Amino acid sequence: MMRLETEINGKPVAAEVEPRMLLVEFLRDQCRLTGTHVGCDTSQCGACVVHLDGVAVKSCALLAVQCQSRKVTTIEGLAQGAALHPMQQAFHEHHALQCGFCTPGMIMSAVDMVERHAGDLDEHTVREELEGNICRCTGYENIVKAILAAAETMRP
Amino acid sequence: MNKFDYVRPTTLAATLDLLRASDEPMLLAGGQTLLPTMKQGLAAPELLIDLNAVSELVELSVTGDGIRVGAMCRHATVATSGAVRDKIPGLAELAGMIGDVQVRNRGTIGGSVANNDPAADYPAALLALDATIRTDSRDISADEFFVDLFETALEPGEMIREVVFPSCRSCGYLKFRQPASRFAIVGVFVARHRQGVRVAVTGAGSAGVFRWTEAEAALDGNFAQQALTGLALDPQQMLSDIHAGDTYRAHLVQVLTGRLVEALGARSLRVRT
Ligand SMILES: Cc1cc2nc3c(=O)[nH]c(=O)nc-3n(C[C@H](O)[C@H](O)[C@H](O)COP(=O)(O)OP(=O)(O)OC[C@H]3O[C@@H](n4cnc5c(N)ncnc54)[C@H](O)[C@@H]3O)c2cc1C
Ligand code: FES
Ligand code: FES
């Protein structure tokens with residue numbers, strides 16, 4: 001067991017973990033933050049995407065101990081109280097989900113995408129950059145629309 | 001995943017000490033290949049040495065005649081680095097084509113090169129650009145480094161510190177990707193050096209990345225798509241799997257090389273006018 005001290009969604013978290021515990025297992029099983037999903041566990045689907053120091057990563061391909069003294073943000077950390085994050089709001093308004101399984105990862109990737117491009121996004125870029133996030137339901141149309149709409153609201 | 005001990009040294013010296021003092025150590029870089037392999041039980045190190053806190057390994061710097069890329073430079077860093085885009089644009093383009101955003105945010109050049117997956121992109125760039133792989137103990141030329149599928153010239157316990165790329169007159173990479181895995185079914189890197197043209201092919205060869213020397217000789221004489229007419233690769237030396245057969249791969253190498261040469265020719269014309 002190893003001591004892990006990290007910050008999750010703005011709150012300090014300390015725990016004893018086995019080195020082999022994945023970040024996604026730590027989030028779901030130990031922190032009970034079950035918004036982050038496991039779709040494939042083979043780094044393909046993107047359902048498990050979270051931010052590590054503000055950068056989108058697949059939490060099924062990262063050890064929990066690697067987050068020592070770092071900042072992790074999950075889907076639970078986006079809303080401000082009852083106010084949804086603009087990306088969550090846009091997914092809601094544009095009906096960018098059906099079963100919702102891919103949605104947490106989609107939204108975390110989308111927020112990273114918009115921030116990296118400072119709001120300057122076109123449809124082609126959005127589609128290219130969604131490569132690591134797979135959706136079995138929507139056909140992506142409304143997801144792309146939602147991201148482009150949120151990019152406008154989030155423009156710095 | 002099997003149990004292991006985990007350490008995160010912060011200096012190169014401490015890393016090398018750990019590497020030499022332990023029985024079954026493995027280096028953890030981006031983890032994008034190693035962690036999935038450990039999940040499948042195909043790798044079971046007793047000690048995992050995490051390189052992510054070793055700051056000496058993330059340096060990316062311009063040298064007199066090229067670029068030095070530290071082993072822990074992530075694909076996203078190389079893809080967006082102004083220095084790389086300026087000096088060796090084909091290398092930045094290639095890094096931006098690896099996997100997806102999240103994989104590029106973690107995966108590193110050292111991990112990719114050490115792994116030498118036959119469908120990986122970087123090996124083609126290193127070979128065509130005539131790069132040098134600098135380890136903790138020696139310099140290895142790309143020509144000698146990539147030995148066979150998943151096999152390199154690295155000795156057990158040897159670590160890549162950086163990759164040194166000389167600049168070239170022009171270069172580029174074209175990739176025909178397997179849409180689900182995002183790896184190359186065929187990837188071709190062409191570089192025009194003062195001493196001649198180098199053409200490296202990944203994804204296709206049954207022994208991993210290779211130089212297409214016949215094409216190099218033809219392009220040395222005439223850097224144009226037509227120079228490749230009549231050249232053919234032997235399908236028996238190509239990989240064959242459910243995604244693409246050997247004859248198809250041999251054909252793709254020819255087509256992609258031609259297209260790339262055409263594009264590079266047009267590009268340098270544009271620069272001249
Ligand atoms: C969904 C997905 C898609 C991908 N698509 C592509 C693609 O299109 N093209 C492509 O090229 N790759 C692709 N990859 C692989 C990716 O580029 C990996 O990042 C890379 O192969 C391994 O780099 P890493 O830093 O993650 O290394 P790790 O997984 O941490 O390590 C890989 C191996 O290298 C060893 N190692 C690491 N660093 C060093 C060092 N400095 N010295 C010596 N040995 C070292 C490790 O011990 C291990 O054996 C993909 C991966 C995923 C998950
Ligand atoms: S669960 Fe991590 S990528 Fe699918
Ligand atoms: S909404 Fe069902 S997987 Fe995307």
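The values are calculated or read from the model by the stated rules, or taken from the named source; none is laboratory data. Nothing here was measured: the structure is a model prediction, and the numbers come from that model. We place every Cβ from the backbone using ideal geometry, glycine too, and count neighbours over all the protein chains shown. Note: accessible area is taken over every heavy atom of the protein model, side chains too, but ligands, DNA and RNA are not part of it. Shrake-Rupley method; radii C 1.70, N 1.55, O 1.52, S 1.80 Å.
Local charge for residue B:188 was computed over the other residues whose Cβ lies under 15 Å away, with Lys and Arg +1 and Asp and Glu -1, and equals +2. In the elastic network of chain B, a GNM with C-alpha springs shorter than 10 Å, the most mobile of B:26, B:38, B:72 is B:38. Accessible area of residue B:210 (1.4 Å probe, protein heavy atoms only, ligands and nucleic acids ignored): about 40 Å². Out of the total accessible area of segment B:170-272 (probe 1.4 Å, heavy atoms of protein only), what percent is carbon and sulfur? Summing carbon and sulfur atoms, their accessible area is 53 percent of the total for segment B:170-272. Here the Gaussian network model covers chain B, with springs between Cα atoms less than 10 Å apart; of B:126, B:16, B:239, B:16 fluctuates the most. Over the residues of chain B, the helix contribution to mean residue ellipticity at 222 nm works out to -9500 deg cm²/dmol, using -39500 (n - 2.57) for each DSSP H run of at least 4. What the Cβ-Cβ distance of residue B:242 and residue A:15 gives, at R0 = 41 Å and to the nearest 0.05, is a FRET efficiency of 0.45.
Per residue, chain A reaches -8500 deg cm²/dmol at 222 nm when only DSSP H runs of four or more residues are counted, each adding -39500 (n - 2.57).
Per Stokes-Einstein, at 10 °C and 1.306 mPa s, what whole-number D in µm² s⁻¹ belongs to segment A:2-76, with the Kirkwood radius over Cα pairs as the hydrodynamic radius?
Numbers: Rh = 12.0 Å.
Estimated diffusion coefficient is 133 µm²/s.
The order of B:42, B:231, B:252 by accessible area, most exposed first and with a 1.4 Å probe, is B:42, B:231, B:252.
Expressed as a whole percent, the accessible surface of segment A:86-154 that belongs to carbon and sulfur atoms is 50, based on a 1.4 Å probe. Annotation: for a label point projected 7 angstrom from Cα along Cα→Cβ of residue B:141, residues of segment B:110-132 with backbone N closer than 13 Å are B:127-132.
The distance between label points at residue A:98 and residue A:29 comes to 3.2 nm (points 7 Å beyond Cα on the Cα→Cβ vector). Distant-in-sequence amide contacts of residue A:8, defined by a placed amide H-H separation under 5 Å and a gap of 5 or more residues or a different chain, comprise A:13, A:72.
Given A:71/A:145; A:71/B:87; A:58/B:3, which pairs have Cα atoms separated by over 25 Å?
On the way: A:71/A:145 29 Å; A:71/B:87 34 Å; A:58/B:3 21 Å.
A:71/A:145; A:71/B:87, as the Cα separations exceed 25 Å there.
How much space per residue, in cubic angstrom, does the convex hull of the C-alpha atoms of chain B take up?
Details: hull volume 34.9 nm³, N = 273.
So the per-residue Cα hull volume is 128 Å³.
Under a 10 Å cutoff between Cα atoms, tell me which one of B:56, B:155, B:24 has the largest fluctuation in the Gaussian network model of chain B. Among B:56, B:155, B:24, the largest mean-square fluctuation in the Gaussian network model of chain B belongs to B:155.
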